Amino acid sequence: MLRWLIGGGREPQGLAEKSSVQTIGEEQIQNPYTELLVLKGHQDIVRFLVQIDDCRFASAGDDGIIFLWNAQTGEKLNELHGHTHKITAIAPFSSSDVTEEKNDLIITASADRTVIVWDCTSGRQIQKVSCFHSTVKCLTVLQRLNVWLSGGSDLCVWNRKLDLLCKTSHLTDAGISALVELPKYCVAAAVGKELIIFKLSASNNGSESWNILEVKRLVDHQDNISSLVSVNDLTFVTGSHIGELIVWDALDWTKQASECNFWDSSVHPDVQPEIKLSQTPHETSVQHLTSDEECVFAAVGKGIYVYNLQMKRVIACQRTAHDSSVLHIEKLPNRQLISCSEDGSVRIWELREKQQLPAEPVSTGFFNMWGFGRANKQAIQAAKKMHENTPVYFLELVGDLIGHSSAVQMFLYFGELGLATCSADHLIILWKDGERESSLRSLTLFKKLAQNGDLQLRL
């Protein structure tokens, strides 16, 4: 483990002239992450980070090993071996059985077609299942039902002991790429272009067996679904490889709104236009979605977009937030966003409201020549009022974290403990608030001096 003190992020020489990506100088006064800890252990790409509790997290990737870490100190707590191929999915699963002591568990799936449940405290395997006909690509825990789901070429429902409760028939060779929990014991599964709604129900005969029933197929997407996120008990959102975003009602599964023009500058005139000869599918793919109660935050190609659910439109964006595709995005509590990219960078953004200038009077032009100007005054006043009442937002770059040498796959935010990032460079970095860490070191030193002073007085 290495500890580095860092200054502000610095743009490599010559890059600013060739790229339209926004840059920031050395003085990043709103960026608290001025120290970092480099955690080593993995031998291949680190793709997953999952939070276990307030100060522990697990990492996993293509080497098939799971590491458990302390988010405050960077200490490696455990090293879990059991898979023979890369990890394809990971999920935390806390036991909710009131008759037993609470256990923090994690479930991992691998390309070796096995799933393992691990005890995070002891590091031992609780159970291992190897009956899958294809690789499990996603895992979802339904805490209210104390069961978990695995998605591959079929959908399986398991209890905490890894007993198979029920499964669907073979869905497709491509398999389920994402799962999200919905109200009324339902789940939405992304299968290619389709979104399949399944309903879970316990058997009426008193046994522990369950039933799973397909209740609806939604075929509104024109390309494969790449992202899926639940906003609340009323809404969930999907994104596709060609930049489609669809807002769904979580109760009746009807389409509430959609956005298909993320890359079209004419649709978002408040943002500076960017000259592009063409857009490849990779540049318009919705790589990741996250949300709060008001907005959905989308990583689309190289850009990040803020879609307001009530207004049903994009209210702010950075079309070229990074030099390469944005792989992960998260909303922080203080109106800030963090994004990471294939270009190896991690960037902090703040959503701010523009100070609008008074609207200029609109000329009636041609229509005024023929006497239609007076009749049009009402429409002009209404448009002017709407313009004045509609807030305009923008994303400002407030921090640039330079530490990884390859694609940053994802990150975890631990509040005052900092930020953890994982990368294709085989490293995990803990980004720390420099002022807080300095204060903690000073406090520790003061306590030691006080203890030494007490000891000398006793002698």
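General observations
- When you count the other C-beta atoms within 10 angstrom of each residue and take the mean per peptide, 116-123, 130-137, 250-257 line up highest first as 116-123, 130-137, 250-257.
- For the peptides 288-294, 421-427, the ranking by mean Cβ contacts within 10 Å, running from highest to lowest, is 421-427, 288-294.
- Proximity of backbone amide H atoms, modeled 1.01 Å from N, is registered between SER226 and GLY239, SER240, HIS241 at under 5 Å, excluding neighbours fewer than 5 places apart on the same chain.
- Fraction of accessible area attributable to carbon and sulfur, the stretch 90-241 (%, probe 1.4 Å): 46 percent
- The packing ranking, built from the mean of other Cβ atoms within 10 Å per residue, places the peptides 180-191, 217-228 in the order 180-191, 217-228, highest first.
- The length gained by stretching the chain between ASP252 and HIS81 to full extension, at 0.36 nm per residue less their Cα-Cα distance, is 57.2 nm.
- Taking amide H atoms as placed 1.01 Å from N in the peptide plane, the amide H of HIS328 lies under 5 Å from those of CYS340, each 5 or more residues away in sequence or on another chain.
- The mean accessible area for residues of the stretch 81-191, using a 1.4 Å probe and ignoring ligands and nucleic acids, is 43 Å² per residue.
- Each label point was placed 7 Å from the Cα along the Cα-to-Cβ direction; for VAL38 and SER324 their separation is 1.8 nm.
- Sites LYS128 and ASP53, calculated FRET efficiency, Cβ-Cβ separation with R0 25 Å, nearest 0.05: 0.60
- Each label point was placed 7 Å from the Cα along the Cα-to-Cβ direction; for ASN211 and ASN159 their separation is 1.9 nm.
- Local electrostatic count at VAL117 - Lys and Arg +1, Asp and Glu -1, tallied over other residues with Cβ under 12 Å: +1
The values are calculated or read from the model by the stated rules, or taken from the named source; none is laboratory data. Since the structure is predicted, the reported quantities are computational estimates derived from the model, not experimental observations. No Cβ is skipped: glycine too gets one built from the backbone with ideal geometry, and neighbour counts run over all protein chains shown. Calculation scope for accessible area: heavy atoms of the full protein, side chains included, ligands and nucleic acids excluded. Shrake-Rupley method; radii C 1.70, N 1.55, O 1.52, S 1.80 Å.
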